[in-house]
């Protein structure tokens, strides 16, 4: 570690300050290789991870008095940069240090490459680095929670970003709504179905859209909007026209015009789903830092209110995903099927849920039952209606398998899928304890 960084002293004091540790954190492949203290609040960390080639940096703003208040824990804002920038953008160009001064908040600003960030790349179907989502979600967040005094729960975590980072903030929140209590997009590229999309164009990122549209949609905030119910949402955008306080001057800003169209479409989708948002369509204004600085300044009070008045995760929710295996809010879904397609898990307030898709699905509930408890399970699926009994295992979780009919043969949104009438079956399950 270079220099005398404050973070190094904090790490050495881990035992005294009872920082969080877990076996999962110990198994984290993310490795810190250096820290540099830039000033009293700002640290720059360098990491290595198999998910990203080479060294990747993160800037962290600590709240004032962090080193003195050894028992206090703080909420975290993950603040994401846009295209053609890096982890330094928000502090070098965005005045984030001054804007966040006085807030009891840790701000984490990771790098995500100059384009195609906030997702694992398709790479001609081979996958592999860069795997930005794996790094940010599965590695960096656990590392931050293990090494800093964070409120390491959903209610203590928010995410925000500009342009490409606005896409990242809403995509991550929609794909992982159990991680973030709030999400904000500033001039965000939040609907990649929009043909004006300028943020992610390289086929290496999601694959050719003509053949891999389902992968594009699997990360697209517009398509995943229903997943965001229960997340506090903010969308701020200009329309690219001259006349705003910070420009543009003379001719319209075509980039802001494009992301404005995406933001309007995304907001309209949320309205149709009756999901509330802070919607700030502020009219004339360009794709430029003075607007994003103002966006952050105006959004911070909302985020702090979310942190100060935490709400529990939603008891009922809808979660849509393309992955054949996923977990959310303690529920786990596994699907056996032939091709990539959307499936949806819908959990009610009672002991009931719905799963849609094709093939065979297995759903594991959260740990909510007494081990050894017998349950009556009523299933309506592609095989008809049946009642069965099961005994809860030592984990306290119930495991139910349902039939969703024959698996679709072709990947969703391809011409072959359309020609063969892509099908989706809904299975409903109700569980009730037996005496």
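The values are calculated or read from the model by the stated rules, or taken from the named source; none is laboratory data. All values derive from a computational prediction rather than experimental measurement. For neighbour counting, all protein chains shown are included, and Cβ atoms are generated from backbone atoms with ideal geometry for every residue, glycine included.
Data overview
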{"item": "Residue tally, condition out of contact with any strand residue (DSSP E or B) (no Cβ under 7 Å at 6 or more places or on another chain) and part of a strand (DSSP E or B), over the stretch 69-95", "result": "0"}
{"item": "All positions within the stretch 360-372 that are surrounded by 14 or more Cβ atoms within 10 Å (Cβ to Cβ) and either outside the structural domain of residue 343 (by TED's automatic domain parsing) or more than 32 Å from the chain's Cα centre (by Cα) (or both)", "result": "none"}
{"item": "Criterion: under 29 Å from residue 413 (Cβ atoms), surrounded by fewer than 18 Cβ atoms within 10 Å (Cβ to Cβ) and modelled with pLDDT of 95 or more - qualifying residue of 235, 275", "result": "275"}
{"item": "Positions within the stretch 101-129 being under 12 Å from residue 300 (Cβ atoms) and buried (at least 24 other Cβ atoms within 10 Å of the Cβ), in sequence order", "result": "107"}
{"item": "Criterion: touching a strand residue (DSSP E or B) at 6+ places or on another chain (Cβ under 7 Å) and part of a loop (DSSP other than H, G, I, E, B) - qualifying residue of 230, 243, 250", "result": "230"}
{"item": "Any chance residue 224 is buried (at least 16 other Cβ atoms within 10 Å of the Cβ) and more than 30 Å from residue 366 (Cβ to Cβ)", "result": "no"}
{"item": "Tally of residues being within 15 Å of residue 333 (Cβ to Cβ) and surrounded by fewer than 17 Cβ atoms within 10 Å (Cβ to Cβ) across the stretch 408-435", "result": "2"}
{"item": "The listed residue being closer than 18 Å to residue 313 by Cβ and not in a strand (DSSP E or B), out of 158, 98, 173, 146", "result": "173"}
{"item": "Qualifying residue in the stretch 114-129 (condition: in the same structural domain as residue 190 (by TED's automatic domain parsing) and part of a strand (DSSP E or B))", "result": "yes"}
{"item": "Filter pass, residue 313 being touching a helix residue (DSSP H, G or I) at 6+ places or on another chain (Cβ under 7 Å), part of a loop (DSSP other than H, G, I, E, B), surrounded by fewer than 17 Cβ atoms within 10 Å (Cβ to Cβ) and in contact (Cβ under 8 Å) with a residue 12 or more places away in the chain", "result": "yes"}
{"item": "Selected residue [under 19 Å from residue 302 (Cα atoms) and modelled with pLDDT of 95 or more] from 170, 164", "result": "170"}
{"item": "From the options 267, 260, residue that is outside any loop (DSSP other than H, G, I, E, B) and either over 26 Å from residue 121 (Cα atoms) or not assigned by TED's automatic domain parsing to the domain that holds residue 119 (or both)", "result": "267"}
